[in-house]
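These notes are about the structure you will find just below.
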Amino acid sequence: MRLRRKTAPTSGDQDVPAGPGPGRSHVGGVVAGSLAAGFVAAVILPFLPVGTVDVDFATAMVLFGFALGWALMAVLSTRFTDQPQRWAVAPAIFMALSGALVLLAPDAMVDALGWVWPPALVVLVVWAWTRARRALHSRTRVWLLNPVLVILVIFALGGAYETIRQSTEPGVVMRGQLVDVGPYRLHLECTGSRGPTVILEPGGGGSAASMGLIAPAVARDSRVCVYDRAGRGWSDPAASPPDGAQIATDLHNLLDRAHVPGPYVLAGHSFGGLYVRTYAAKGWIAAQNEMATLSTAFIASSRGRPTLPSWKTQLTPPRSPARSTTWSYPCRPGNP
């Protein structure tokens, strides 16, 4: 009689379960659904109806959305599958904490963290990749999770490059001065000496820098001032986006508190023409007798810009004191 020796099966001889156990979901669907939910949340959250939406708020909301996706992966895979992905808690905490810092920390601290988060994110991605390789036995890891981790590494490299570039590029020195107009300070720069004083009003979304080619040419024959509206250029931000009336009031207070002498010639480009016309309609000239004349020019075009001598001559102030004159004309295409 021959005795058969029973040996324990090796790990290679063990059968791998073909699918999830009874009542359990497939881990691939949980991973894909969680990442998709995080992406949708990252797209929707920056558009929440809040009072002030800026780049810090939008960035924080995107991070919170992605943190939600990673947290769902950890919770749902543990609750409903045979392959719990508890490691996903780490990227969820990392992104939630990063979003909170961007939203609540001072700007100086956020700038300093630009040196920290890129290498920290790379380390986190490498750690998550090793843990997922052990815990996630699904094609979802190769076709979905690994590409997401690669994208995070690309973001980290881009952030590191941007931080290094900003630290090595030459600094820009503000010219002119910051003038307190009440709730905030506005940047004003005046050059030239002869009158009248030409006030250049940038177009919608523009700043004093957009008048960088015009102001020096005007300064050869007259005194010229350029300024940044609230929240633009070097000026302080306003509590809420100012309308045309508030912009005109800010300009009035700016010229008064900076002691800019008149008479004034207001030249507004594009949407700036509406602002200077609002200024002219305020009636400050006759009521306060601040200046001898006010002339406004509305320069509107999306095709070109006027030749400097032509529009400069058209801005000659009227001879009658305390009188407002407005010119409206398009720029001719093809002018330099």
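The values are calculated or read from the model by the stated rules, or taken from the named source; none is laboratory data. As the structure is a computational prediction, the values presented were derived from the model and not from experiment. In this analysis, Cβ positions are derived from the backbone assuming ideal geometry, glycine residues included, and neighbour counts consider all displayed protein chains. SASA here: full protein model, heavy atoms, side chains in, ligands and nucleic acids out. Shrake-Rupley method; radii C 1.70, N 1.55, O 1.52, S 1.80 Å.
Note down the relative contact order for the stretch 33-126 as a percent, whole number, built from C-alpha pairs under 8 angstrom at least six residues apart. Can you show the working numbers first?
On the way: 102 pairs, mean separation 24.7, N = 94.
Relative contact order for the stretch 33-126 comes out at 26 percent.
Counting 0.36 nm for each residue step from T130 to A36 and taking away their Cα separation leaves a gain of 31.6 nm. A simple spin-label model places pseudo-atoms 7 Å from Cα toward Cβ; at Q166 and L178 they are separated by 1.8 nm.
Computed extension length for A239-A108: 45.1 nm, one decimal, from 0.36 nm per residue of separation with the Cα-Cα distance subtracted.
By accessible area, using a 1.4 Å probe on protein heavy atoms only, the stretch 153-249 has 57% of its surface on carbon and sulfur.
Using 0.36 nm per residue of separation minus the Cα-Cα distance, give me the extension gain between R139 and T191 in nm, one decimal.
On the way: separation 52, 0.36 × 52 = 18.72 nm, distance 6.68 nm.
Result: 12.0 nm gained on full extension.
When the Cα gyration tensor is reduced to axis lengths a ≥ b ≥ c, the ratio a/c is 1.5 or higher for the stretch 72-208, and with a/b above b/c it is classed as prolate.
Based on the Cβ-Cβ distance from I93 to H26, what FRET efficiency comes out when R0 is 35 Å, to the nearest 0.05? Can you show the working numbers first?
Numbers: r = 26 Å, r/R0 = 0.75.
Calculated value: 0.85.
Calculate the length of the line joining the C-alpha centroid of the stretch 214-246 to that of the stretch 54-72, in whole Å. Going from one Cα centre to the other spans 35 Å.
Close amide-amide hydrogen proximity is noted between R223 and S193, R194, G195, V198, each under 5 Å apart and 5 or more residues distant or on a separate chain (H modeled in the peptide plane; Pro and chain starts excluded). For the stretch 78-92, backbone phi angles converted through the Karplus equation (6.51, -1.76, 1.60; θ = phi - 60°) give residue-by-residue couplings of 6, 7, 10, 10, 8, 10, x, 10, 5, 4, 5, 5, 4, x, 5 Hz, Gly and Pro being listed as x. For E201, nonlocal amide neighbours, meaning residues 5 or more places apart or on other chains whose placed amide H falls under 5 Å from its own, are A267, G268, H269.
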